[in-house]
Structure formats: structure tokens, C-alpha cells
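Colleague: Once you've had a glance at the structure underneath, I'll fire off some questions.
The values are calculated or read from the model by the stated rules, or taken from the named source; none is laboratory data. Computed from a prediction, not measured in an experiment: that's the story for all the values here. Every residue, glycine as well, gets a Cβ built from its backbone with ideal geometry; the counts of neighbours run over all protein chains shown. Please note that ligands, DNA and RNA were not included when accessible areas were found on the heavy atoms of the full protein model with its side chains. Shrake-Rupley method; radii C 1.70, N 1.55, O 1.52, S 1.80 Å.
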Amino acid sequence: MLLILKKTVKKEELERLKENLRSEGYLIREIEGVEGPILGIVGNSYRETAYYEALPGVEKAVPVSKPYKLVSRELHPSPSLIRIGDVAIGGDRLVVIAGPCGVEERKRTLEIARTVRKHGAVLFRAGAFKPRTSPYAFQGLGEEGLKILREVREETGLGIVTEITSPSQADLMMKYVDVVQVGARNMQNFELLKCVGRLGKPVLLKRGLSATIEEWLMSAEYVLSEGNDRVILCERGIRTFERYTRNTLDLTAVPVIKKLTHLPIVVDPSHATGIREKVSPMARAAIAAGADGLLVEVHTEPDKALSDGPQSLYPEQFEQLMRDLYVIAPVVGKQLDYLYLDKAALMRPKENRGGAPATVVYSGDPGSFSHKASLQFFGTEVPIENCPSFREVFERVNAEQAAFGIVPLENSLTGSIHENYDLLLEFDLKIVGELTLRIKHNLLGIESASLDTVERVYSHPQGFKQCREFLEAHPEWELVTCRDTASAVRRVKEANDPREAAIAAEEAGEVYRMSVLKAGVETNPRNFTRFVVITRNGLLPGPRNKSSLIYSVSDKPGALFETLKIFAENKINLVKLESRPIHSRPWEYLFYADLEADVADGGKKHILEELVKRTEFFKFLGSYQKGAGASH
Ligand code: PEP
Ligand code: MN
């Protein structure tokens, strides 16, 4: 039952209400509703709604229609993020869990772990207790295997996912493991579900071989009802009449699960198909369908694997799959971050960040594209703050009030954001990272609005530019510019008028619970914005393969050519060259260049020296890892 509370409810009144309900045997969850606080109450039975509506502080009681309560979206409208050390499942960064089917020999297990970590996996999977169809098949190494897994974590930093097959293994799981997996064959082993509910460790709950989605969610409900909210669902294929593949991967489950529950879902294409060649296509499809991550079996010598060799990817295949996901992820509003674990380690409170607090700043309101870029680059574990202007982002980073700032530099449809190019010149900060974000705009309005009621539209000027064709079809609409797209949504929300609408991200619509009047209104769906991460003294880990420079040349024939020749002679690909007027010197220009190389690298220092000689003004903006996506 959902109890929508009166807006005027006082803290003491709320506490008394909760105490009363608890004494009646209900489990209570507080929900942050946009219109005010809501209590979700779960118990064996419920009274008429009128009973709850008569309680002090309660405005309205609404029964939860589904048999599962704690896992239902009705009780918890926003998606849950499940944290495992530095990793969070359910956000904008894909979580790839990889490893062999079972823990085998120590050396080989460590070798597989290093390989999957190198290619971007953030958690390691391997069973020490294997539930096998045949009693004569390899049953796992037991505690010996868990000790090897502990070594994997110590050496690689990868969190460990392993299967529990009996409540008697609970203590071992507590000692060695980060996520306990409940296998398909145990999905309805209710004693085991209650046991992992009490363990308190995150649970990866596989879908049963012939379980309906509702049965699967009821199993998750068992775990949550024991007080453990950290459940990750895993679709691993179901038994159908089709025998070509080991199981039939039910990818429909991904959007269905996303609608029914707040819990994250990962997909296991390995057990779903049972055939190595089918794993990568289904993995790509799973991410396109909206899965939060994958669980994939990988082995360095699958032919020698003691279980599930035929479905285990070779390291090269896993590497290729990750490269594909790196490109696909931005299309569905996510990122595959190869530096996930290294970046997280660097952002932990005590690490060295040149003295600045581990805060990230962006310009705009929550729900803006810059906010989304910050979350995708740094994850949800880092404090992210907003400020009112790009200039302030630069100022705060410069004053070391924040370790990093994130600003947009150019858009694939509308070109450069010149203000930020000018600020890069003015401030002495370095670019240390890059991210490409797909920009999908929506026309958002209040619930009673529709395309026919709209008269006035709010957005950032870039938003208007990127939706030019859509807006040209509605010449009667008045366009009002705002500081950023999310603040445009806030204005429409506050006005509460069906004549007003905003162009912004879906996320901004969710922040303010707005209706989507029309989705995808950008002129071209290949609409990407390139953001850069700036810092004063902070460092980011990982390989650097791109550099940015600003320079001017003397006013004589061939001066620019002389600089370009340096790139050509050193076989460096120039990916962008843009000129900007020099303020106070009319008709003189600065060149902003992006190169596909780390020119600060020791071995390439001569290039920088050569450039300094051939230019009048020279500023090195930084070298960094090229971001994912479609821009170059
Ligand atoms: C496994 O993950 O190795 C496994 C046994 O999976 P499932 O329970 O999905 O068959
Ligand atoms: Mn397996």
C-alpha cells in the first residue's frame, strides 16, 4: 500500500505514524515523491484504504497492484543503484562481469582475470560451487576456489561474483565474496533466498530455467523482504521448444523488467546461447535493449575448460565485444568506461588530486546534458555540483575548489561552443579527459499539455538550433532562451501551464516528472556533443592518445602551413583545426588544434619544441584519452 502524506505533515507526526504502522507488522519504505513524501507499507494483509486515510498525516492510500511489493516500481519509482565497492550497477555506466564458468587452476584464473580487467570488465565471475546437471561433472573447487578468487580481487581490484548453492556456504560467502549469485536452478529455493536476504551482500539473481517474470520478481521479493535491497536481476535464457541454442534469450525481459521494477538487470548471453559465436551478437543486442550490464564467460583456453568451454569467449573475442559496446553504449545514453576502476580509485577521498576536493563541477541544473556527462564520466560515487555558468566552472576549478570541471566544446550538428574555447585560453587549466554524449531532445510539458496546446517553448539556444526542423514546422511557437535545458524544464513545471513546453533531455523530464509531448525532436539523430574534463592539478589514469593546442602564427605567407607540416612530417593526424578571433586584435586569429597523438609524451617532445619555434603564441591544453562515440 502507498500512503501519500499530507504536504503539511510534521516530522514528529511522521515518526508517530511510522511507529504505529510498524507495530501493526508492516515493513516501511520512505519514498521521495515530487509532490511530497510517500510511505510504502508492506505486510501480510491490508485493511480498506479508508482506514489508512483516517490516520493523522495521511492524505490518500493507494493499493500496490502487483503481488511483489518491495521490488515494484510503484513503491520505488526511481531506478536503484547497487553499489559493489567502486562499481555501481543501474546507472549510466555499463557494468561488465566476466570470467570463466568455474574457478580452475590458480594461474589460469589469475590470467583470465588480468585479461578481462584489461579489456574493461569491472567484476570477476567464476563458480567455486558448480550446480551441474550430471553428478559426475566437475563440481567446483569449493573453499580452495574461493581463496583463488580472493587473490584475484587483491591483485586486480575486481570485485568477485560467485554462486552460492546451499545456505551452509553462507559463512564462506561472507568471507571471500562481493556478490553472491543465485543460479537459475535455485531461483525458487526459498530457503536459499531467505539466507542471501539475511547475508546482506549484493545478490545476482538469475532467472529460473522456466520461470515467468512474475515468479522471478517474487523470488527477488524474498531477498528484499529479509532486508537486503541489493538485488541485481540476470536474464540468462529460458527453456523453450527451440533446441538449436542451449536456451532462448528472452531480451523482451529487459524493457519489461525496467518498467516493473527499480532493480537493475544484466544479461548473460553465454548460458542463454551456449554457443560461443552467438554470444557477442546477443550481448550487443542486450545493451541496445537497455540492459545495465552483462555477465559473460571468458576463458584463455576454452578447449581445456572444465565446464562451459564451448560458450566461453576467447580473450580476443571479448576484446572485440567490448570495443563494439564502447560504440553502442552512447547511442542508448550510456558509456563503457575502460578506466572505470582506475578513475574510481583516484577519486577516493584520500587519493592525491593535487590538493583539490574530489568534487566535479558542471554548468546547469540537475538533469542537464552537462550533468549527464558528469555522471557518465565520473559515476555516481563522486560529489558532483552545479554552478550557474561556464565561467564559474573554470573559476572554481582554477581556485581548486573542485578537482575537475566538465564543459561542452562542440556539437556534431551545430559546431563549437565558443565561450568555452575562449575560457580555455583565458584560464591556465589542463584538459585531461573527453566524453561524447548523444543528445536526444524531447518536447516536455505538464500532463495536460499536448502539441496542440503549446504556444511557448523554452530551451538553451543550442537546443533550439539542434531542433531547427521540428521548430520550423511550428512557426507560431514563441521561443524563449534559458541558461540550460534543465532550467527550461523547471520553468515550465513552475508555470504549470499547458501552453508552455521545454526542449530538453528525458532525464530533465524525469527530475520534474514531466510528460514527453514528442520524443527525439533533434533534426538529426546523430547528434553528439563532445565534453572535455578540465583540471588544475588533477590527473586521470589511462593511455593518452589525443592532444589539444592553441597557437597563433606570424602574418606572413606559409606561416600556418609551416605548423601543419610538423604534424604531417611526424605522421600525426590533425582531427580538428578551428580559428578564433584574438580579442583586441581585429582580423588576427588563434588556431585551436586537436591531434590524434599524445604530444606531451617524452618521445614526442621535439614536436612541441618545433611548434613553439614556429608560432608566435603557443599554449598546450593537455593530452587525454579520446572519448567514445561518433564525433571523430
Ligand atoms: C553460471 O553462471 O555459471 C551458471 C551455472 O549459470 P545458470 O545458473 O544461469 O545456469
Ligand atoms: Mn557456466
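Colleague: Can you find a residue in the range 273-280 that is farther than 22 Å from Ile232 by Cα and modelled with pLDDT under 95?
Modeller: no
Colleague: Now for a separate question. Return the total of residues in the range 242-259 being open to solvent by less than 40 Å² (accessible area, probe 1.4 Å) and closer than 15 Å to Arg207 by Cβ.
Modeller: Number of matching residues: 7.
Colleague: Quickly run through the range 80-139 and pick out the residues that are within 16 Å of ligand 1 (Cβ to nearest atom) and among the charged types (D, E, K, R).
Modeller: Glu104, Arg125, Lys130, Arg132
Colleague: Based on this model, can you work out whether Ser548 counts as of a type in the set (S, T, N, Q) and modelled with pLDDT under 90?
Modeller: When the stated conditions are applied, Ser548 does not pass them.
Colleague: Next question, about the same structure. Any chance the range 316-328 includes a residue that's within 16 Å of ligand 2 (Cβ to nearest atom), in contact (Cβ under 8 Å) with a residue 40 or more places away in the chain, assigned by TED's automatic domain parsing to the domain that holds Val266 and surrounded by 19 or more Cβ atoms within 10 Å (Cβ to Cβ)?
Modeller: Scanning the range 316-328 turns up at least one residue that is within 16 Å of ligand 2 (Cβ to nearest atom), in contact (Cβ under 8 Å) with a residue 40 or more places away in the chain, assigned by TED's automatic domain parsing to the domain that holds Val266 and surrounded by 19 or more Cβ atoms within 10 Å (Cβ to Cβ).
Colleague: Kindly establish whether Lys465 is out of contact with any Pro (no Cβ under 6 Å at 6 or more places or on another chain), assigned to a strand (DSSP E or B), open to solvent by 70 Å² or more (accessible area, probe 1.4 Å) and not aromatic (Phe, Trp, Tyr).
Modeller: When the stated conditions are applied, Lys465 does not pass them.
Colleague: Count, please, the residues in the range 216-241 that happen to be away from ligand 2 (no atom under 16 Å from the Cβ), assigned to a loop (DSSP other than H, G, I, E, B) and open to solvent by less than 50 Å² (accessible area, probe 1.4 Å).
Modeller: The number of residues fulfilling the criteria is 2.
Colleague: Residues that are over 20 Å from Ser363 (Cα atoms), in contact (Cβ under 8 Å) with a residue 12 or more places away in the chain and open to solvent by 40 Å² or more (accessible area, probe 1.4 Å): does the range 480-492 have at least one?
Modeller: No, the range 480-492 has no match at all.
Colleague: From the set of residues in the range 271-298 that are out of contact with any Cys (no Cβ under 8 Å at 6 or more places or on another chain) and farther than 23 Å from Gln335 by Cβ, which is nearest to ligand 2 (Cβ to nearest atom)?
Modeller: His271
Colleague: Would you mention how many residues in the range 303-325 are outside any helix (DSSP H, G or I) and within 21 Å of Val122 (Cα to Cα)?
Modeller: Total meeting the criteria: 3.
Colleague: Name the residues in the range 61-98 that are closer than 16 Å to Val203 by Cα and of a type outside the set (A, V, I, L, M), would you?
Modeller: Ser80, Arg83, Gly85, Gly90 - these are the residues of the range 61-98 that are closer than 16 Å to Val203 by Cα and of a type outside the set (A, V, I, L, M).
Colleague: Among the helices (runs of 4 or more DSSP H) confined wholly to the range 62-177, which include 1 or more residues that are modelled with pLDDT of 95 or more, open to solvent by 20 Å² or more (accessible area, probe 1.4 Å) and under 26 Å from Val331 (Cβ atoms)?
Modeller: Correct list: 106-118.
Colleague: In the range 369-392, how many are aromatic (Phe, Trp, Tyr) and within 13 Å of the chain's Cα centre (by Cα)?
Modeller: 2
Colleague: For the range 197-219, enumerate the residues that are closer than 25 Å to Ile160 by Cβ and more than 14 Å from ligand 1 (Cβ to nearest atom).
Modeller: Selection gives Gly197, Arg198, Leu199, Gly200, Lys201, Pro202.
Colleague: Residues that are modelled with pLDDT under 90, at least 2 per element: which helices (runs of 4 or more DSSP H) completely within the range 327-419 meet that?
Modeller: 340-347
Colleague: Moving on to the next point. Need a quick list: helices (runs of 4 or more DSSP H) entirely within the range 242-293 having at least 2 residues that are more than 16 Å from ligand 1 (Cβ to nearest atom).
Modeller: Those helices (runs of 4 or more DSSP H) span 253-260, 276-289.
Colleague: Residues of the range 188-215 being buried (at least 22 other Cβ atoms within 10 Å of the Cβ) and assigned to a loop (DSSP other than H, G, I, E, B), which ones?
Modeller: Pro202, Arg207, listed by residue number.
Colleague: In addition: Output the number of residues of the range 26-61 satisfying the condition of being open to solvent by 70 Å² or more (accessible area, probe 1.4 Å) and among the hydrophobic types (A, V, I, L, M, F, W, C).
Modeller: Number of matching residues: 1.
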